[in-house]
Amino acid sequence: MSRIGKKPVDLPSGVTASISGQSIEVKGPKGAQTFTATDDVTIALEDNTVTVTPRGKSKRARQQWGMSRTIVANMVQGVSTGFKKELEINGVGYRAQMQGNVLKLNLGLSHEVNFEVPNGVTVTAPKPTEIVIEGDNAQLVGQVAANIREWRAPEPYKGKGIKYKDEYIFRKEGKKK
């Protein structure tokens, strides 16, 4: 039994959901999202709660059960409060700034990195060493943060690079003489 799948998803005030077949559409103050579930699960809406149940005892049905419930819960959170990832830049001369829809990164490379921000996500640089990524789609926000971090992942000796704000970098000791 899926511990996650058993929990119903409560709809907060201001958020509405409508189900047609295997598709669910969730609308809220931050936008609208849709999700089409596989035939292995059933989605039901009753009394401002969405429940997901498996249609069989197969391994695939149990896998889809928890995943579908999590996707619906992320959609509800995204259209009501949204998602946010914060990145920190550490290193001498490393900085970021927004120019229109392009994030310009100076990361110690021979050239400046221009990162095009995709639709559905807002990226801001409140300080030259901070990047804030916000949006209503959890997967998209996380993927954009990972793509930015990929340009200069933090290294273990001095901690230089782009890291998540709550990430701990395990430090290594340098060479001994």
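Where a number appears in this text, it was derived from the coordinates with a stated rule and is not lab data. Because the structure is predicted, anything quoted here is derived from the model rather than measured. Cβ coordinates were reconstructed from backbone atoms using ideal geometry, including for glycine residues, and neighbour counts include every protein chain displayed.
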**OP:** Inspect all residues belonging to the range 78-91 and state whether any of them is in contact with a strand residue (DSSP E or B) (Cβ under 8 Å, 6 or more places away or on another chain), of a type in the set (Val, Ile, Thr), surrounded by fewer than 19 Cβ atoms within 10 Å (Cβ to Cβ) and within 28 Å of ARG152 (Cβ to Cβ).
**Re:** no
**OP:** Give the residues of the range 56-72 that are surrounded by fewer than 19 Cβ atoms within 10 Å (Cβ to Cβ) and touching a residue at least 60 places away in the same chain (Cβ under 8 Å), sorted by residue number.
**Re:** ARG62, THR70
Original post:
For the subset of the range 1-22 comprising residues that are assigned to a strand (DSSP E or B) and among the small types (Gly, Ala, Ser), which member is farthest from VAL76 (Cα to Cα)?
Top reply: SER20
**OP:** Could you check, for the range 62-82, whether at least one of its residues is more than 20 Å from the chain's Cα centre (by Cα) and not charged (D, E, K, R)?
**Re:** yes
**OP:** Working only within the range 23-55, note down all residues that are in a loop (DSSP other than H, G, I, E, B) and either loosely packed, with under 15 Cβ neighbours inside 10 Å or of a type in the set (A, V, I, L, M, F, W, C) (or both).
**Re:** PRO29, ALA37, THR38, ASP39, ASP47, ASN48, ARG55
Subject >> Pairs where the first residue, in the range 11-22, is in contact (Cβ under 8 Å) with a residue 60 or more places away in the chain and the second is surrounded by 11 or more Cβ atoms within 10 Å (Cβ to Cβ) and assigned to a loop (DSSP other than H, G, I, E, B), C-beta under 6 Å, 6+ apart >> reply: LEU11/ASN48; GLY14/PRO29
Original post:
Taking the range 92-118 only, how many residues are free of Cβ contacts under 8 Å to residues at least 24 places away in the same chain and either surrounded by 17 or more Cβ atoms within 10 Å (Cβ to Cβ) or polar (S, T, N, Q) (or both)?
Top reply: 5
Original post:
Quick check, is GLU173 under 26 Å from ALA73 (Cβ atoms) and in a loop (DSSP other than H, G, I, E, B)?
Top reply: no
Original post:
Before we move on, is LYS163 part of a strand (DSSP E or B) and more than 22 Å from GLN33 (Cα to Cα)?
Top reply: yes
Original post:
Can you spot a residue in the range 133-153 that is of a type in the set (Val, Ile, Thr) and assigned to a strand (DSSP E or B)?
Top reply: yes
